[in-house]
Amino acid sequence: LSRLRARLAKSQSTLGKGLLSLLSKDRLDEDTWEEIEDTLLAADLGVAPTQELVERLRERVRVEGIADPAHARTVLREELVALVDPTMDRALRTDRHIDGNRPAVVLVVGVNGTGKTTTVGKLARVLVAEDRDVILAAADTFRAAAADQLTTWGDRVGVPTVRGPEGGDPASVAFDAVKTGADAEADVVLIDTAGRLQTKVGLMDELGKIKRVVEKHGPVDEVLLVLDATTGQNGMMQARVFGEVVDVTGVVLTKLDGTAKGGIVVAVQRELGVPVKLVGLGEGADDLAPFDPEEFVDGLLG
Ligand code: GDP
């Protein structure tokens, strides 16, 4: 049993079980379909995906009928997996640029408190376990505590952290880190950024500047947006704002261990048009997993 599946089974299977028992009813009347819709909406699936899924299910029930609970499960599983979209490319772009002799650069963005710094630490650990040389950049120069927290993760995982003076220029820290990474022939530079969302313009200026400065060395390979799965519509609003400000290439959905609202995976992929690549399943160093649609759905269905 994979970790993703096991963790989800604990917190989320209420959603899957609820759907299964509704779909296994002898008579699927209008009230039952409405209940199925409500269950999906309550899990933050979003209005359009909910309608699509219910339509697909109704069509299959009409054509195939639901013979027994096992059949209901097969139908639900297939339709949920299709909705989460197994065809999206979820591979992380963390391969070193051999020809240009440059490290891969990963920018990690998101609102404070979503789990950004923790995600950078966990991701560093995964990469180190794959024998990669990693450098962290504390480009949140606004809060000394943020840089301290990242440095603690760096020490724990055994990788260097580049930081600057408190109140200094975040872009200059990012630049230093990428230069240090290139000089040291590191494989990956992970840049932790500040997540102040007071104004869209401020955010755009800050992230835009970091990106431009880093791009003097070479491309930013991956922009990971960290979203807290427990924040529902608020998380969707953050996705919208960040999507307008920076070219997000993947989403990390954190705190999926503590919520029954796994439907946000679908909603956020629709909103941004990019895949959920990683999920956070706890506060510990090993609680980060690649996102796999089939495992995810199996976790939901328990
Ligand atoms: P940042 O401000 O976005 O950098 O957020 P932090 O990395 O400081 O995380 C905020 C809080 O969320 C901390 O208490 C983390 O331990 C916690 N956290 C981060 N990721 C997860 C997760 O996947 N699951 C759970 N349960 N807690 C998490």
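Below are the figures for this structure:
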{"quantity": "Trypsin sites (Lys or Arg not before Pro) restricted to DSSP loop in region 207-286 with at most 16 other C-beta within 10 Å", "calculated": "Lys216"}
{"quantity": "Table column - 3J(HN,Hα) (Hz), region 209-226, Karplus curve with 6.51, -1.76, 1.60, x for Gly and Pro", "calculated": "5, 4, 5, 4, 5, 5, 5, 5, 8, x, x, 7, 7, 8, 10, 9, 9, 8"}
{"quantity": "Projected area averaged over orientations for region 165-288, convex hull of C-alpha atoms, nm²", "calculated": "8.5 nm²"}
{"quantity": "Separation of the Asp155 and Gln51 label points, Cα + 7 Å toward Cβ, nm", "calculated": "5.5 nm"}
{"quantity": "Whole-Hz ³J(HN,Hα) from phi, Karplus 6.51 cos²θ - 1.76 cosθ + 1.60, for region 32-43, glycine and proline x", "calculated": "5, 4, 5, 5, 4, 4, 4, 4, 5, 5, 5, 8"}
{"quantity": "Within a Gaussian network of the chain (alpha carbon springs, distance under 10 Å), most fluctuating of Thr193, Thr114, Thr231", "calculated": "Thr231"}
{"quantity": "Whole-number D in µm²/s for the chain (Stokes-Einstein; Kirkwood sum over Cα pairs; 20 °C, 1.002 mPa s)", "calculated": "106 µm²/s"}
{"quantity": "Computed over region 227-302, the ratio Rg/Rh where both radii use C-alpha atoms and Rh is Kirkwood", "calculated": "0.95"}
{"quantity": "Cα gyration tensor category, rounded, prolate or oblate, for region 96-218 with a/c compared to 1.5", "calculated": "oblate"}
{"quantity": "Long-range amide H partners of Thr193 with built H, under 5 Å", "calculated": "Val108"}
{"quantity": "Top of Val162, Val178, Val201 by mean-square fluctuation, Gaussian network on the chain, Cα under 10 Å", "calculated": "Val201"}
{"quantity": "Å² of accessible area per residue within region 156-302, as computed with a 1.4 Å probe and no ligands counted", "calculated": "37 Å²"}
{"quantity": "Average projected area [Cα convex hull, region 172-225], square nanometres", "calculated": "3.8 nm²"}
{"quantity": "Carbon + sulfur, % of accessible area of the chain - ligands and nucleic acids excluded, 1.4 Å", "calculated": "49 percent"}
{"quantity": "q = 0.11, 0.14, 0.15 Å⁻¹, region 1-157: log10 I(q)/I(0) [Debye, one scatterer per Cα]", "calculated": "-0.68, -0.86, -0.91"}
{"quantity": "Percentage relative contact order, the chain, counting C-alpha pairs under 8 Å, at least six apart", "calculated": "28 percent"}
{"quantity": "Of Gln238, Gln51, Gln269, the one that fluctuates the most in a GNM where the chain has Cα springs shorter than 10 Å", "calculated": "Gln51"}
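The values are calculated or read from the model by the stated rules, or taken from the named source; none is laboratory data. Just so we're clear, the structure is a prediction, and the values are computed from it rather than from any experiment. Note: ideal-geometry Cβ built from the backbone for every residue, glycine included; neighbour counts use all protein chains shown. For accessibility, only protein heavy atoms count, side chains too; no ligands or nucleic acids. Shrake-Rupley method; radii C 1.70, N 1.55, O 1.52, S 1.80 Å.
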